[in-house]
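The values are calculated or read from the model by the stated rules, or taken from the named source; none is laboratory data. Treat the numbers as computed from the prediction; the structure is a model and nothing was measured. Backbone-built Cβ (ideal geometry, glycine too); neighbour counts: all protein chains shown.
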Amino acid sequence: MDLGFSEEQMMLRDMTRKICDEMMPLTVLREYEGTEPGYSTAFWLQLGALGLTGIAIEEKYDGMGLGAIESSIVAEEFGRALAVSPYLVSSVLAAGLIENAGTEHQKGAWLGQIARGTTACSVAVSEPGNGADKEGVTASITRVEGNLVLSGVKHLVPFAASADILLVLARLEGGSGEVVAIVLERALLDSGLADGTVTMAYQRNHAGDPLYRIRFECLQLPPGQLLGDGRCVWSSWEQAMARHMLSVASYAIGAAQRVQGISVEYAKYRRAFGRAIGGFQSIAHYLAEMEVAIEGARTLVYEAAWCSDESRPYRHLAAMAKLQACDVFCRVAAVAIQVHGGLGYTIEADPQLFYRRAKQMELTHWGPDSLERQIAEHLFAERVCA
């Protein structure tokens, strides 16, 4: 396994870093935090123009057709800038679900738009009080006189107010009871918002990200809105989530490395008792330990990405990578606040931007309990097979 980057991969990294440095400094993050649509549309359009929104989508659908390593490189650079955009949910998660579960007609209709960045897609899965497993999906789809009727509540839905397409996971009633996906295009969603069958409200969260709670009350839909002609999508969802977890883990590593750099620089020029505070062992040891932790988590992330590209089993590694990377991000961000002293926790300082997002990422996209269960199930299955 060679985890070194090729020349093309380094060029991709440098290009992504350049666009983030130019268009997504932390001042822009502060400007968009807690607002609608919650991200810079100019930045998003530039990602589309550069082809980054289609990096993991097949070339026949106008994507770049690159692998998990390239996707991880891009996500790591986005994390370094704390760049907020629909990239993770649209270009990775939603595109992966459509690619795995959609019909050829649906793939042709939507993947090209996602790849070009002209369409932003979101996914509604989580429900209040329910777990992240299959049994946690209780929103329902029923067939009434040839149409579909959607009812239920979803929460923590990213970019729902601005998404062009919303994929909603729900349980098909009156039949197999399997989990299916409904495709809500913007016109259908707006129609439901207008007649009251859909209500949407912003949800306050640690990161100030554009997350929404959506209630569907007997929203009537034409039968053609089922992804993959109504087949069970849970297996496809888990596949898409594995790739998504890799990108989330990469984002966390990039963010951890950035806030670590901020801490190191601060420790160089902040003086106490006549010397730079980085010269005190209590500070230096903290920073050294965090550097080791970041590199360990990064190695795990790219090992999982390499296994994905080599068509080897990697879903358990993706779970490990997400669990470890988010834990490291939380610890590094906490150390950054401690190194900065009382200043680090204030709104005016930058470390709190990272700390709040670290906690948000740790608890979403499958939290620690769910990830630990997945890893344990894999390890027990390996022992049984042995």
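So the values come out like this:
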{"read-out": "Qualifying residues in region 1-37 (those that are among the polar types (S, T, N, Q) and surrounded by 12 or more Cβ atoms within 10 Å (Cβ to Cβ)) - the one farthest from E310 (Cα to Cα)", "value": "T16"}
{"read-out": "Criterion (in the same structural domain as Y302 (by TED's automatic domain parsing), surrounded by 23 or more Cβ atoms within 10 Å (Cβ to Cβ), touching a residue at least 40 places away in the same chain (Cβ under 8 Å) and in contact with a Leu (Cβ under 7 Å, 6 or more places away or on another chain)) met by exactly one of A249, A255", "value": "A255"}
{"read-out": "Residues (over 23 Å from V28 (Cβ atoms) and buried (at least 20 other Cβ atoms within 10 Å of the Cβ)) located in region 331-361", "value": "V335, V339"}
{"read-out": "Answer from L47, L29, L88, L12 - the residue that is farther than 20 Å from P158 by Cβ, touching a residue at least 60 places away in the same chain (Cβ under 8 Å) and part of a helix (DSSP H, G or I)", "value": "L12"}
{"read-out": "Check on I19, farther than 30 Å from I347 by Cα and touching a residue at least 24 places away in the same chain (Cβ under 8 Å)", "value": "no"}
{"read-out": "Subset of region 262-289 [hydrophobic (A, V, I, L, M, F, W, C), in a loop (DSSP other than H, G, I, E, B) and surrounded by 14 or more Cβ atoms within 10 Å (Cβ to Cβ)]", "value": "F280"}
{"read-out": "Filter result (in a strand (DSSP E or B) and either among the acidic types (D, E) or surrounded by fewer than 20 Cβ atoms within 10 Å (Cβ to Cβ) (or both)) within region 173-197", "value": "E185"}
{"read-out": "Residue satisfying condition, being in a strand (DSSP E or B), among the polar types (S, T, N, Q) and over 18 Å from S122 (Cα atoms), within set Q220, Q257", "value": "Q220"}
{"read-out": "Subset of region 64-121 (residues that are over 16 Å from the mean Cα position of the chain (by Cα) and within 22 Å of A42 (Cα to Cα))", "value": "M64, W110, L111, G112, Q113, A115, R116, G117, T118, T119"}
{"read-out": "Within region 52-77, considering residues that are part of a loop (DSSP other than H, G, I, E, B) and in contact (Cβ under 8 Å) with a residue 60 or more places away in the chain, the one nearest to V92 (Cα to Cα)", "value": "A56"}
{"read-out": "Selection from region 206-217 of residues that are outside any strand (DSSP E or B) and either crowded, with 18+ Cβ neighbours inside 10 Å or hydroxyl-bearing (S, T, Y) (or both)", "value": "A207, G208, D209, P210"}
{"read-out": "Residue check for G38: in a loop (DSSP other than H, G, I, E, B), touching a helix residue (DSSP H, G or I) at 6+ places or on another chain (Cβ under 7 Å), within 25 Å of R204 (Cα to Cα) and not β-branched (V, I, T)", "value": "yes"}
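Each row is one residue, and each column tells you yes or no for (1) within 19 Å of the chain's Cα centre (by Cα); (2) at pLDDT below 95; (3) among the aliphatic types (A, V, I, L, M).
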| site | (1), (2), (3) |
| --- | --- |
| G146 | no, yes, no |
| H155 | yes, no, no |
| P158 | yes, no, no |
| V183 | no, no, yes |
| R204 | yes, yes, no |
